[in-house]
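Chemist: One structure, pasted below without further comment.
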Amino acid sequence: SITWDGASTFNEVKLEYSTDGGTNWITIVNATPSSNHSYNWTVPSGIATSRARVRVIDLPDENFASSSADFTIVNL
């Protein structure tokens, strides 16, 4: 699960992940309710990195917050 804190002033957020420390971003979901503060994400197969990050983007103004440090995704 991806979880986030904070009060969003908007109804929806967009979620993205990066495998290169935040240089490039890939969409997880274009819009999910911000009030849930959680999204169940299934990591796509074939992704392995030690430089993963996730970010939450308020819609429609696109202010965002991202993980403050890299984390690891391993292939199982």
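The values are calculated or read from the model by the stated rules, or taken from the named source; none is laboratory data. Keep in mind it's a predicted model, so treat the numbers as computed, not measured. We place every Cβ from the backbone using ideal geometry, glycine too, and count neighbours over all the protein chains shown. Calculation scope for accessible area: heavy atoms of the full protein, side chains included, ligands and nucleic acids excluded. Shrake-Rupley method; radii C 1.70, N 1.55, O 1.52, S 1.80 Å.
Chemist: Tally Lys/Arg at +1 and Asp/Glu at -1 over every other residue whose Cβ is under 14 Å from the Cβ of ASP70; what's the total?
Modeler: +2
Chemist: Defining a contact as two alpha carbons under 8 Å apart and six or more residues distant in sequence, what relative contact order in percent does the chain show?
Modeler: 34
Chemist: Quick one: among ILE47, ILE28, ILE57, which has the greatest mean-square fluctuation in a GNM of the chain with alpha-carbon springs under 10 angstrom?
Modeler: Sorting by GNM fluctuation, first place goes to ILE47.
Chemist: Count neighbours as other Cβ atoms within 10 Å of each site's Cβ, and list the chymotrypsin sites (Phe, Trp or Tyr not before Pro) in segment 38-76 that are DSSP loop with at most 16 such neighbours.
Modeler: Hits after loop and neighbour filter: TRP41.
Chemist: To continue, here is another question. Considering only protein heavy atoms and a probe of 1.4 Å, how much of the accessible area of segment 11-51 is carbon and sulfur, as a whole percent? Working shown, then result.
Modeler: Values: 970 of 2370 Å².
Looking at segment 11-51 in its full context, I get 41 percent from C and S.
Chemist: Can you tally the net charge around ARG53? Count Lys and Arg as +1, Asp and Glu as -1, for every other residue whose Cβ sits under 14 Å from the Cβ of ARG53.
Modeler: That works out to -1.
Chemist: If you don't mind, there's one more thing I want to ask. What number comes out for accessible area per residue over the chain if the probe is 1.4 Å? Units Å², please.
Modeler: With the other protein chains kept in place, the chain gives 64 Å² per residue.
Chemist: Oh, and also: Whole-Hz ³J(HN,Hα) for each residue in segment 63-70, computed from phi via Karplus 6.51 cos²θ - 1.76 cosθ + 1.60 with θ = phi - 60°, x for glycine and proline: what do you get?
Modeler: 5, 9, 9, 10, 4, 8, 8, 5
Chemist: Shifting gears a bit: Read phi for every residue in segment 42-50 and hand back ³J(HN,Hα) as whole Hz from Karplus 6.51 cos²θ - 1.76 cosθ + 1.60, θ = phi - 60°, with x for Gly and Pro.
Modeler: 3J(HN,Hα) across segment 42-50, in whole Hz: 9, 5, x, 5, x, 9, 9, 7, 9.
Chemist: Around ILE28, which amide H atoms from residues at least 5 apart in sequence, or from another chain, sit under 5 Å from its own amide H, with H modelled in the peptide plane?
Modeler: Here LEU15, GLU16, TYR17 satisfy the definition.
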